[in-house]
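The values are calculated or read from the model by the stated rules, or taken from the named source; none is laboratory data. Since the structure is predicted, the reported quantities are computational estimates derived from the model, not experimental observations. When we count neighbours, we look across all protein chains shown, and the Cβ atoms used for this are built from the backbone with ideal geometry, even at glycine.
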Amino acid sequence: MLKSKLQKKILLMVTSLILFLMTLMLIVFVITDYLNLLDRSHTVGLQTAKMLSYMDTVKDGLEEKGDVEKAGDLEAVIERYSNQVDATFIVVQDKAGHILASPDDSQIGKVIPFEDGYKAIVFGANYSMLSSEIIGPSVSSKAPIYNEEENQIIGVVTVGYLISDLRENVHNRVEKLIYISLLILALGIYISFRLAKSIRKDTFGLEPEQIANFYMERRAILASIDEGIIAVNQSGKITLINTAARSILGIRTNRKGDDIETIFPNLPSVAELNGSVTQSFEMVYSAKRLVVSGMPLQLEGVQKGALITFRDTTEMVEVVNTLYEVRKYSDDLRAQTHEFTNKLYLISGLLQLGKYEEAVRTIQTEINVSDNTNQFILENIKDAHVQAILFGKLGKASEMKVGFEIDDNSSLGSLPKWLGTGALTVILGNLIDNALEVTANHSEGHVSFFALDFGEDVIFKLSDNGHGIQTDQIDTLFQKGYSTKSKTGRGFGLANVQQAVRSLGGTIQVSSTEEGTIISVYIPKHAEHEEREVK
């Protein structure tokens, strides 16, 4: 029993189509077959009539009408040829219209005036026509009979095919075709039923309107999702890409059919996404930080492709960097306040002890050191954001009792706006803090900062005289969670530095010995939007 509208529709459509084609073919067959029979009747009838008109037996039967033997021979010839050409009747008439031979014995001896046959008897014409002259509506072919001596017309041979017989022949053939057509119809109904079940299975039992609703819902959902979604087949060709994905990637056209590597060259291949494991990683695309996830698409345990989802974390990272920048500034100001408070306590103590000259020297020394450092930064480091970072870190270094100096060869102009305050804070803040912490427990801890924007790159270099980094640890230095310190919650500072440098298209170089570590950062002055390898 059919329970599906889809099955009913398919069955109805296929059955209707088969019936229509069968009816059309039957109509065409009936018309074509009937016309062919008419044409054959005209042709064969005329040829037979001509042939009989030249036969001596026919001529002798006409010339010797009273001869019983001749009449018998005439009847035998007419019957034989009538059976051979499957004619309904063959009639022989003399010039006066008397019937000498006919399949109907009751007509022999009768006179049938020549009406349709006058052309043959008068003009000696051979022709075929539709006529009712002899027996009934028929295809009648007529040929004149000449005597050999005087070459005069002595009679007419008429070969006829009744229209009713022709129609009966067509009817008999159509009846056979109808039986065959019914078998074809039954087979078509069975095949359509199997086809409907197969289609219903392929569509998971969903009806057409359900599929349409599902498709519209899917389009609406994909259009409303802020997360980028790309589906690929087993060959890595894109089969689906939603609006958010095109917006995030800056794609205007539909990239269906394109290779996924043209968009994400570093993604794992479809073959690498095995099982149901989702692989997630971060990457930079056109200066945007993306969190990408890839998982296989499976149907009945067979992998059919992969689904790639990604989201733009640039704005979130910028907010985090801004908060980080504020926190860093706050910590640096606190360190400066704390250091200045300590120096004020020192000066206050000297004044209370009456050591006025020593207090004045202390003040003068701090003023000179501060003025020289501040003047150097203001004259050689033109970028306001870098200046602010350095002023803050000077106070923190003083609090931690670590020597922090700006290399005399430093020279830095205003940096391009696209570098971003947050990225600079992440890079310089973490590198300086890390260097200060490494040297904090050193008896003569010292950190040197160098900046240069000569050429195509902006260069930042931090050197310290800490304990150094083991060679086998350099490769894992920038991994999230890795730290040389035992405290929990550490190991993210340098990882953030690496991510920020990569987002700016820069590189990081690390060299370390037992005498200390040098970390150099190279950032191109012009945006390249290309991820570069950390060395």
Any hit, the range 278-294, residues being part of a helix (DSSP H, G or I), modelled with pLDDT under 75 and surrounded by fewer than 13 Cβ atoms within 10 Å (Cβ to Cβ): no
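Residue-wise test of (1) over 22 Å from Tyr161 (Cβ atoms); (2) at pLDDT 90 or above; (3) not polar (S, T, N, Q).
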{"position": "Asp56", "(1), (2), (3)": "yes, no, yes"}
{"position": "Leu62", "(1), (2), (3)": "yes, no, yes"}
{"position": "Lys65", "(1), (2), (3)": "yes, no, yes"}
{"position": "Glu69", "(1), (2), (3)": "yes, no, yes"}
{"position": "Asp73", "(1), (2), (3)": "yes, no, yes"}
{"position": "Ile90", "(1), (2), (3)": "no, yes, yes"}
{"position": "Gly97", "(1), (2), (3)": "no, no, yes"}
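So that you can scan it fast, the table gives a plain yes or no per residue for (1) assigned by TED's automatic domain parsing to the domain that holds Gln498; (2) among the polar types (S, T, N, Q); (3) under 30 Å from Leu344 (Cα atoms); (4) outside any loop (DSSP other than H, G, I, E, B):
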position	(1), (2), (3), (4)
Gln387	yes, yes, yes, yes
Gly395	yes, no, yes, yes
Glu405	yes, no, yes, yes
Gly422	yes, no, no, yes
Single unsatisfied condition, Val122 versus (1) more than 18 Å from Met55 (Cα to Cα); (2) crowded, with 16+ Cβ neighbours inside 10 Å; (3) not basic (Lys, Arg): (2)
Criterion (under 60 Å from the mean Cα position of the chain (by Cα), surrounded by 12 or more Cβ atoms within 10 Å (Cβ to Cβ) and at pLDDT below 90) met by exactly one of Ile180, Ile189: Ile189
Filtered residue count, the range 417-451, keeping only those that are surrounded by fewer than 16 Cβ atoms within 10 Å (Cβ to Cβ) and touching a Lys or Arg at 6+ places or on another chain (Cβ under 8 Å): 1
Which listed residue is surrounded by 15 or more Cβ atoms within 10 Å (Cβ to Cβ), modelled with pLDDT under 80 and in the same structural domain as Thr425 (by TED's automatic domain parsing), from Gly491, Gly516, Gly505: Gly491
Tally, over the range 212-248, of residues that are part of a helix (DSSP H, G or I), within 18 Å of the chain's Cα centre (by Cα) and at pLDDT 75 or above: 5
Residues satisfying the stated conditions in the range 223-235, i.e. surrounded by fewer than 17 Cβ atoms within 10 Å (Cβ to Cβ) and either of a type in the set (Val, Ile, Thr) or in contact with a helix residue (DSSP H, G or I) (Cβ under 7 Å, 6 or more places away or on another chain) (or both): Ala223, Ile225, Asp226, Glu227, Gln234
Members of the range 295-319 found to be at pLDDT below 70 and β-branched (Val, Ile, Thr), listed by number: Thr314, Val317, Val319
